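The values are calculated or read from the model by the stated rules, or taken from the named source; none is laboratory data. What you see is a predicted model; the values in this text were computed from it and never measured. Note that each Cβ is placed from the backbone with ideal geometry, even for glycine, and that neighbours are counted across all protein chains shown.
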Amino acid sequence: MSEERLSASKLMTFAGPAIPIAALGLPLTVFIPQFFAGPMGLGFATVGTIFLIARFWDVITDPIMGAVSDQISSKWGRRRHWIVASVPILIVSVVMIFFPSGQVSAGYLFGWLIVLYVGWTMLTLSHLSWGAELDDDYNQRSRIQGFREGFTILGVPLVMLIPVFIESVSSARDPLPDQVAAMGLFVIILLPIAVGLAVWRVDERAQFKNLHRPVKDEFKDVLERLSFSKIKAALEPLKKNRALQIVVICDFFSGFSGASLGTMFIYEVRYVWEIEAWAGRLLLLYFFAGLAFVPLLLQLSYRIGKHRALIAAAGFSACFVPLILLIPPGEPYIAAGMLIFLGVNVGSVTILYRAIMADVGDLDEVETGKRRTGLFYSLLTFTAKTGAAIAVGTVFWTLDIIGFQSTGDNTPEAVRGLSYLFVGIPVVCNSIVVLMMWKFPLNFEKQQELRRIIDERKVEEWESDQGQIL
């Protein structure tokens, strides 16, 4: 008997935490590195290195969190208690990073980034895994992830309204510190509200709520699973899972591309397009365009399949991003039109990666007999975050090498180098995604066959259990 599909209102409530997630993610990429490199005085190379090293902390925390969340359940299910637990960790770390008191050291930034990323991993990984477990249907998974990513994209322009407003009313020479503080306050207020509504209104499916055992037994199993031999055995099937390898590699390059654009955007607007007063409004417009394109991309994925829609989106960016080089200085409306045109790719590939990963999990379940949603999404969140971190480090180091200065006084060669870097990275990254996804092995028909095998196994297990009882 098929399960009732979640209504649009419940899916919106489920997707609600994606708004503060995005509201936190944007400043971490676009504003916080510039804030600590510039007004806080740490410099390009130092901040780039800190972000790179701090993100690699996820090498440890993401797989551990994936294994722990798959294993340790509560009366709520497998995911919601982790989401609730992440809230105080994130609030404290946001206060320390977005509201620093006086001059800070590199160690201060590094330490609080580590704490923030722990809470970030708990929240994002659990939310992604929860979404993957809400339905088994191929297209419904796209619908669920579409709601989540739509709210993620919505969160970006919402938080962007804050620096745009401050930009328009501030008389400060550099409004960046006020913008950072206001965005931090937005996250602190919205996060507990969105999480509270989601865990209250949306239940986990019954099959994930009857797993609760004594905490002592569950922690014992987790410790056993985290032993070297167990980790090696668990990862062995992943070496043979070509679909998984393709998804995580492509997600890395997509994350690298997006974070590179975000890191350089303010500098591109200020020094290449020479329309600094429009920076916030242009970024806002870019993400609104991305939000408008999400339904169109979902319809395309229903018609031609998820991986083909992903190829189309990445190919579009690889072909048309170079048009940015044609934007003349001092022409905000031309820049705005170009960003609307290129907005088709904002968030679209993220939706598809997360929907595809649920199907990859089905393939692994058929091959191993285990449902390892948390582990798989930990790999996905790890590659996305690592791609973003390496992008910040690479971009800041490169800008330092070419002699680019965040405070101005740049040579024409340095400004030209920034422009080429701004365009070149997304072209290369998206071209790699197209090539990698071209022969992706999972489509609608294959996923339906995987679900049939899994469902037949469940029926056989149920009949076997009933026979033992009788």
Scanning segment 128-142 residue by residue, those surrounded by fewer than 20 Cβ atoms within 10 Å (Cβ to Cβ) and part of a helix (DSSP H, G or I) turn out to be Asn139, Gln140
(request) Report whether or not Gly361 is within 23 Å of Ala309 (Cβ to Cβ), touching a Cys at 6+ places or on another chain (Cβ under 9 Å) and not polar (S, T, N, Q). (result) no
Here the qualifying pairs (Cβ atoms under 9 Å; residues six or more apart or on different chains; first in segment 412-426 and part of a helix (DSSP H, G or I); second of a type in the set (Ser, Thr, Tyr) and at pLDDT 95 or above) come out as none
Counting only residues in segment 389-447 that are surrounded by fewer than 20 Cβ atoms within 10 Å (Cβ to Cβ) and small (Gly, Ala, Ser), the one farthest from Arg308 (Cα to Cα) is identified as Gly408
When restricted to Leu24, Leu11, the only residue closer than 26 Å to Arg80 by Cβ and either surrounded by fewer than 22 Cβ atoms within 10 Å (Cβ to Cβ) or at pLDDT below 90 (or both) is Leu11
Matching residues in segment 354-374 (surrounded by fewer than 24 Cβ atoms within 10 Å (Cβ to Cβ) and among the hydroxyl-bearing types (Ser, Thr, Tyr)) number 1
Gly155 fails exactly one of (1) in contact (Cβ under 8 Å) with a residue 12 or more places away in the chain; (2) in a loop (DSSP other than H, G, I, E, B), namely (2)
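Yes/no per residue for (1) among the aliphatic types (A, V, I, L, M); (2) in a helix (DSSP H, G or I); (3) in contact with a Pro (Cβ under 6 Å, 6 or more places away or on another chain):
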position: Ala85; (1), (2), (3): yes, yes, no
position: Met96; (1), (2), (3): yes, yes, no
position: Pro100; (1), (2), (3): no, no, no
position: Val104; (1), (2), (3): yes, no, no
position: Phe110; (1), (2), (3): no, yes, no
position: Val115; (1), (2), (3): yes, yes, no
position: Trp120; (1), (2), (3): no, yes, no
position: Ser126; (1), (2), (3): no, yes, no
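Only one of these is within 22 Å of Thr407 (Cα to Cα), in contact with a helix residue (DSSP H, G or I) (Cβ under 9 Å, 6 or more places away or on another chain) and crowded, with 16+ Cβ neighbours inside 10 Å: Ile83, Ile72, Ile50, Ile89. Name it.
Ile50
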In this structure, is Gln145 assigned to a helix (DSSP H, G or I), in contact (Cβ under 8 Å) with a residue 60 or more places away in the chain and surrounded by fewer than 21 Cβ atoms within 10 Å (Cβ to Cβ)?
no
Exception for Gly111 within (1) without any contact (Cβ under 8 Å) to a residue 12 or more places away in the chain; (2) buried (at least 23 other Cβ atoms within 10 Å of the Cβ); (3) not β-branched (Val, Ile, Thr) falls at (2)
Among Ala314, Ala289, Ala277, the single one that is surrounded by fewer than 16 Cβ atoms within 10 Å (Cβ to Cβ) and not polar (S, T, N, Q) is Ala277
Check whether at least one residue in segment 94-102 is among the aromatic types (Phe, Trp, Tyr) and without any contact (Cβ under 8 Å) to a residue 60 or more places away in the chain, and report yes or no.
no
Does segment 137-158 contain any residue that is within 20 Å of the chain's Cα centre (by Cα), under 16 Å from Ala279 (Cα atoms) and at pLDDT 85 or above?
yes
In segment 28-39, anything out of contact with any Leu (no Cβ under 8 Å at 6 or more places or on another chain) and either closer than 19 Å to Gly102 by Cα or at pLDDT 90 or above (or both) is listed as Ile32, Pro33, Ala37
Every listed condition ((1) among the hydrophobic types (A, V, I, L, M, F, W, C); (2) at pLDDT below 85; (3) over 27 Å from Ile32 (Cα atoms)) holds for Leu284 save (3)
